[in-house]
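Before any comments, here is the structure.
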Amino acid sequence: MTQLEYALKNKITPQMRRVAKAEGLAPEEICAKVACGEVVIPANRNKSKPKPCGIGAGLTTKVNANIGSSEGHISIAEELKKLKVAVKYGSDTIMDLSTGGNLTAIRKRIIEESPVPLGTVPIYEAVVNCVRSKRSIANLTGEDIFLAILNQAKEGVDFMTLHCGVTRNTVERLKKQKRLIDMVSRGGTFLAEWIVLRKKENPLYENFDEVLKIARKYDITLSLGDGMRPGAIADATDRPQMEELVILSELAKKARQAGVQVMIEGPGHIPINQIKANVLLEKRLSGNTPFYVLGPLVTDIAPGYDHITGAIGGALAASYGADYLCYVTPSEHLRLPDVDDVREGVIATRLAAHAADVAKGLKRSVEWDNRMSKARRERNWKRQIALALDPEKAARLRRSSKPLIKDVCTMCGEYCAIKLSEELRK
């Protein structure tokens with residue numbers, strides 16, 4: 001049975017107990033949230049993970065880090081370094097988006113090494129194999145796509161992004177829309193091209209029952225991909241995006257009825273004033289299905305700093321109810337991320353998630369901030385560094401500038417407001 005099916009029978013699994021402990025909640029509460037579809041626990045029955053995570057309503061906001069090779073840069077060793085760094089700095093899940101090299105070998109090594117749930121986008125492998133065999137994407141078959149899904153499920157992948165909402169109708173809607181940037185979802189674009197060339201319906205949509213059959217057998221959590229997500233803030237919340245969201249919401253309900261865990265992916269590039277509406281629409285239409293957002297990025301002018309634009313949008317989205325943030329790195333729109341980019345992206349997104357959890361009033365998150373504030377009041381530098389999200393950087397900065405007075409820093413020195421106010425109180 002799947003985690004959802006166990007929950008519907010009121011049976012608490014080991015994964016539910018571990019998630020409950022991590023969240024500071026009762027196992028019965030986690031079980032109830034999984035049963036109603038408000039929480040998912042990605043956990044392929046073929047490969048257990050030391051650090052399972054729950055994603056959804058009432059839980060801490062989770063963070064995902066994308067890694068993976070490209071044809072321009074292939075190194076399993078480097079991808080494993082990215083994995084290690086991402087997990088070290090707090091990524092709750094990893095997605096392997098490799099399109100270069102031996103995709104199966106890279107994925108298997110990441111599955112073996114990852115202590116956290118792993119996600120993939122199977123259409124990538126199906127298309128790469130098609131291109132490598134000197135075939136046009138028009139020659140790709142539904143069987144090719146489902147074979148990639150099945151093989152990755154057998155290997156132990158925990159969740160999969162499947163662009164089931166890119167349909168003939170949504171593609172037609174996109175043609176009429178005249179966006180600044182038509183599509184930025186790689187998987188969505190592959191399927192849109194296939195639909196146009198073959199003049200047929202998306203196999204993932206048309207044969208969604210087959211998707212559910214595989215997902216249920218291996219307890220794959222479906223992450224219904226937003227192939228029509230906007231890639232420019234001017235295109236946000238338009239008809240193609242909304243039509244796809246309606247379709248994904250209907251498919252999410254169908255997945256739950258089949259005993260399959262499911263979440264929905266969201267944009268993308270959105271101006272700040274539209275983030276709340278996007279979150280509320282997803283929650284309303286889908287019956288509070290966990291919402292997984294990329295960023296969102298709140299401006300288009302920040303190449304090199306998009307981990308910051310993504311963190312701004314992510315903090316807002318999560319405070320309004322988004323459950324899961326896909327990180328954005330400084331190299332977004334510019335190049336394949338390196339190890340340093342991964343670290344910066346995870347830290348920025350982790351901060352966004354925590355800020356949202358404080359806004360939500362989650363007890364453990366609020367208490368963490370309060371402990372830091374107490375350490376600052378006491379000018380306990382060792383304690384402040386230990387409580388920091390990135391203790392190594394905090395310690396390095398502290399060591400790099402030694403104050404003349406031991407219990408202050410070099411910013412204010414003897415004029416430290418905290419110290420002066422303490423003396424004033426006395």
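A few remarks follow.
- Members of the stretch 113-145 found to be within 20 Å of the chain's Cα centre (by Cα) and surrounded by fewer than 18 Cβ atoms within 10 Å (Cβ to Cβ), listed by number: Glu113, Pro115
- Some residue of the stretch 386-394 being surrounded by 12 or more Cβ atoms within 10 Å (Cβ to Cβ) and on the phi > 0 side of the Ramachandran plot: no
- Unmet criterion (only one of (1) within 21 Å of Ser223 (Cβ to Cβ); (2) touching a Cys at 6+ places or on another chain (Cβ under 9 Å); (3) of a type in the set (S, T, N, Q)) for Asn46: (2)
- Among residues of the stretch 221-243 that are surrounded by 24 or more Cβ atoms within 10 Å (Cβ to Cβ), those with a beta-carbon under 7 Å from a residue that is assigned to a strand (DSSP E or B) and among the polar types (S, T, N, Q) at least six positions away or on a different chain give the pairs Ser223/Thr161; Gly225/Thr161.
- Here Ala348, Ala375 are screened, and the one residue that is of a type in the set (Gly, Ala, Ser) and under 22 Å from Thr309 (Cβ atoms) is Ala348.
- Answer from Arg173, Arg216 - the residue that is touching a residue at least 60 places away in the same chain (Cβ under 8 Å), under 24 Å from Thr237 (Cβ atoms) and either assigned to a helix (DSSP H, G or I) or under 21 Å from the mean Cα position of the chain (by Cα) (or both): Arg173
- Once the stretch 1-51 is narrowed to residues that are part of a loop (DSSP other than H, G, I, E, B) and of a type in the set (Lys, Arg), the residue that is surrounded by the fewest Cβ atoms within 10 Å (Cβ to Cβ) is Lys9.
- Of all residues in the stretch 142-170, those that are free of Cβ contacts under 8 Å to residues at least 60 places away in the same chain and within 18 Å of Glu112 (Cα to Cα) total 2.
- Number of the condition not met by Ile195 [criteria: (1) among the aliphatic types (A, V, I, L, M); (2) free of Cβ contacts under 8 Å to residues at least 40 places away in the same chain; (3) in contact with a strand residue (DSSP E or B) (Cβ under 9 Å, 6 or more places away or on another chain)]: (3)
Where a number appears in this text, it was derived from the coordinates with a stated rule and is not lab data. Here the structure is a predicted model, which means the values were calculated and not measured. Here the Cβ is made from the backbone with ideal geometry for all residues, glycine too, and neighbour counts use every protein chain on show.
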